[in-house]
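Remarks on the structure that follows.
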Number of protein chains: 2
Amino acid sequence: MQRYSFDTVDYQILQELKADARKSAAEIARKLGLNERTVRNRIDRIVEAGAARLTCIVDPAYFGYVITADIFLEVDYEQEQAVINALLAIPAVSYLAFGQGTQDLSIEVRFKNNEQLREFLRSVLPAIPGVHVKGYALVPRILRNIDEWMPPAEEFIEE
Amino acid sequence: MQRYSFDTVDYQILQELKADARKSAAEIARKLGLNERTVRNRIDRIVEAGAARLTCIVDPAYFGYVITADIFLEVDYEQEQAVINALLAIPAVSYLAFGQGTQDLSIEVRFKNNEQLREFLRSVLPAIPGVHVKGYALVPRILRNIDEWMPPAEEFIEE
DNA sequence: GCTGAAAATTATGCATT
DNA sequence: AATGCATAATTTTCAGC
């Protein structure tokens, strides 16, 4: 990947879009002292290159999904893909990653209350063939999420 | 929270914005068979209520940050806030959450190679007063992130 | 809370450097 | 890759329902 390199102008534009993805190119241009067309070209290039995407993040807490838990699973190798598909089909699953071993999966789930979480741990997960719950941890508070991540400013260099 | 409730129209608009946060209100209106003004009003309401935010997500892999690790920490209680501030100031830290115990923190970090991760585990983290590394796990692949999360459709009801 | 119409702003296509 | 210009599309403002 990384076919194109981006400079500090791109970095500033990304920061503006991070604050508000719908900010008009004209407004960004005024703020950064650039030409509107330049800003639009840059945004198009960034998005088309796949370096960033402009999206909408729903706040789980606003909708009452205040319970977050990390669950660690062991998965029978032969049924791995079926398990992954089953898990991704569950709306409560907000994160799914492979662990280090080929058998390890970790997921993050969101629920409205502890009863839903208990039900999920006791009934929903065990009902998926090939899944074994190794453990879980409640996550009381999240202070930063991946969507806030940016490469360090040094990555954006003048050519 | 949850002062307002949203309906299926809001749900559809959120899905459109998820695909492209810069999609024009006019285009969304055409696609969903709504009035442009209605779409803009809905978007404003959603964002002002804090139910969702329109933002830009940078792809770590594009910038070469291909190493992801989850690190589990134990933190001396008296220095908790200082530790959190120190961790949040580190760009590599893409996720930070409290664990179940008052002393537990878990973080996710992004690096370009294993050497940077080793350096972080061996030198950077131990240099923060009050931090003890309990363990870590490499995350080979992430299949879903929180930014893709949506409440189940049933949450969006007609009034 | 939805919609209409005019005015202001912004985006697009094409062309030039 | 950046920008100027003309045209098209969109958003905003102010209103009524």
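The values are calculated or read from the model by the stated rules, or taken from the named source; none is laboratory data. Keep in mind that what you see is a predicted model, and the values were worked out from it rather than measured. We place every Cβ from the backbone using ideal geometry, glycine too, and count neighbours over all the protein chains shown. Keep in mind that these areas ignore ligands, DNA and RNA; they rest on the heavy atoms of the full protein, side chains included. Shrake-Rupley method; radii C 1.70, N 1.55, O 1.52, S 1.80 Å.
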Restricting attention to the stretch A:42-53, the residues that are open to solvent by less than 40 Å² (accessible area, probe 1.4 Å) and under 15 Å from A:M150 (Cα atoms) number exactly 4
Do you know which of the residues in the stretch A:13-41 that are open to solvent by 80 Å² or more (accessible area, probe 1.4 Å), more than 10 Å from DNA strand D (Cβ to nearest atom) and over 21 Å from the mean Cα position of the chain (by Cα) is nearest to the other protein chains (Cβ to nearest Cβ)? A:K31
When you scan the stretch B:10-28, do you find a residue that is near DNA strand C (Cβ under 10 Å from one of its atoms) and either over 24 Å from A:V47 (Cβ atoms) or of a type in the set (A, V, I, L, M, F, W, C) (or both), even just one? yes
Which residue is surrounded by the fewest Cβ atoms within 10 Å (Cβ to Cβ), if the candidates are limited to the stretch B:82-104 and must be of a type in the set (A, V, I, L, M, F, W, C) and under 18 Å from B:I146 (Cβ atoms)? B:L88
Look through the stretch A:117-148, keep the residues that are under 23 Å from the mean Cα position of the chain (by Cα) and open to solvent by 70 Å² or more (accessible area, probe 1.4 Å), and return whichever of them is nearest to A:K18 (Cα to Cα). A:E148
Sole exception among (1) aliphatic (A, V, I, L, M); (2) open to solvent by 50 Å² or more (accessible area, probe 1.4 Å); (3) touching a helix residue (DSSP H, G or I) at 6+ places or on another chain (Cβ under 8 Å); (4) closer than 29 Å to B:Y62 by Cβ for A:V66, by number: (4)
For the structure I just gave you, tell me whether B:D44 is over 18 Å from B:A153 (Cα atoms), within 12 Å of DNA strand D (Cβ to nearest atom) and without any contact (Cβ under 8 Å) to a residue 60 or more places away in the chain. yes
